[in-house]
């Protein structure tokens, strides 16, 4: 039996810090970027107070910030911007329109084509833009045909994750594993070095998502189809016998008994008064209020007033009208400036011309009406049911702050879309042929998009995710601390100790499954960076090739199928389709097991373990 030496105090402290970080990563009420910042500060401060020296080299606290200049982070950030160029120019809109037309003719074939296209595109473009493209198409088709999108949205989202495993640039997780392994002395993987195992597993995964997964998901109703009353703006003219004449506006609102917001008070032709609580009301005043048709009529009755729409009293000849208005469902995107902003401070009406009707968040929160939500902070994936004009919704589709989910607005392909397509093709080609590394080709692509006007600096900066950047930097810092203090060697020895006597295939399969479990609970990037040095240590302890064990970490960290918090696109899909937490478990667990088995078998066979 092997003997297991205890780790040094610095390595033990780093492992405790990592466990603490992983626990914080699972807490929904703590932003991931906050946890990442706390971890960075803890590591830097701790090693400043308690210096660590090994083999004559001191681990400087400033070394923990080297992740901000790491080539993987530069590549990920540049690829986010390139992906935003495709969205901003509408370069992928023709694909969406083609799918929308095909869906009406053959839903089954269209689902298969959607899954294949999603997986293929995700191999070269970050998953999020692909899901952002596909969600409005699938929901729009569902709205127009009356067919529930329950059986299509989860399969599409999971197909994007499967496709993202195929190349070194498919996801930020892949880039991190490849770069960390190269930094540790391993030969760098080329772009398509592990596409073979993924294609084999992907074929089975797509068949499962096409034929089985839609039958596992109960029919769910997206928030937009749950029937929310349209909001009308109208005026209540106070009659001479109104009980609130001569009283303050605050007393009138109290009489209504609702949290009503008075927009204006008109007193005579062209004379408007600020709706302050202490304003004394007079006969003939017109109080402008926005509410549902039923509530407006009730307010008029309680105030003994006459309801006006425009210059006409509301009656059978002049009914309430919200002409040109449309109810739409929009989701907060990962790149949105509204992430972390309170609804009351978001300026939905003043900045975006959106009237909030209802709010939806999947984490145990039932659908709630807009009053009382002012203190709620918006997050990625939150769904807002809004009312606005078609023109404003069309303008909103070009914004990186919201994703319109009902698919009712089709914008023509922008004239600069061919440039954006040429840029992404060039970025992939230069990296695939090893003319330049991916971080350089991606930066070159960003420069071309900016100089040609495909993107402005505002959109480029909005494409960057603070959350992703900080998670990557914190993960790299934890991985470096684990490696430099000997913690990675200890964990590798512990893993070999536990699996002592087990055949190498069992060790590899156990490692991949451990990573798969971890990635569905914590950040996939954190799991990947921490797991890579451990995998290399295990391979060295066993005297086996490094590649299959590093790939086990890479594949395992990408098996983010079983929970909605495992990947940011899962959260978008959860809210867009009105899914429950258990729906992801029901579909994702079998897919995780299937993909894990196939990838493990292929790696074992390919490397002769």
Problem set entry | Inter-probe distance in nm under a simple model that places probes 7 Å from Cα toward Cβ, at residue 108 and residue 502 | 4.2
Exercise. Gain in length, residue 199 to residue 341, computed as 0.36 nm per residue apart minus the alpha-carbon separation, to one decimal in nm?
Worked result: 47.0 nm
Exercise. Between residue 304 and residue 192, what length comes free when the chain is fully extended (0.36 nm per residue of separation minus the Cα-Cα distance, one decimal in nm)?
Worked result: 32.9 nm
Exercise. What ranking, highest mean first, results for peptides 547-558, 584-595 when packing means the other Cβ atoms within 10 Å averaged over each residue?
Worked result: 547-558, 584-595
Problem set entry | Inter-label distance, nm, simple model (7 Å from Cα along the C-beta direction), residue 248/residue 425 | 6.9
Problem set entry | Burial ordering of 121, 153, fewest other beta-carbon atoms within 10 Å first | 121, 153
Problem set entry | Burial ordering of 220, 351, fewest other beta-carbon atoms within 10 Å first | 351, 220
For this session: Normalising by the residue count of the range 1-89, find the relative contact order in percent from Cα pairs under 8 Å and 6+ residues apart.
Result: 16
Exercise. Say R0 is 25 Å: what FRET efficiency, to the nearest 0.05, do residue 541 and residue 6 get from their beta-carbon distance?
Worked result: 0.90
Exercise. How would you rank 269, 580, going from fewest to most other Cβ atoms within 10 Å of each one's own Cβ?
Worked result: 269, 580
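Read the figures in this text as sums done on the coordinates, not as results from a lab. Remember, predicted model here, so these are calculated numbers, not experimental data. Cβ atoms come from the backbone with ideal geometry, glycine included; neighbour counts cover every protein chain shown.
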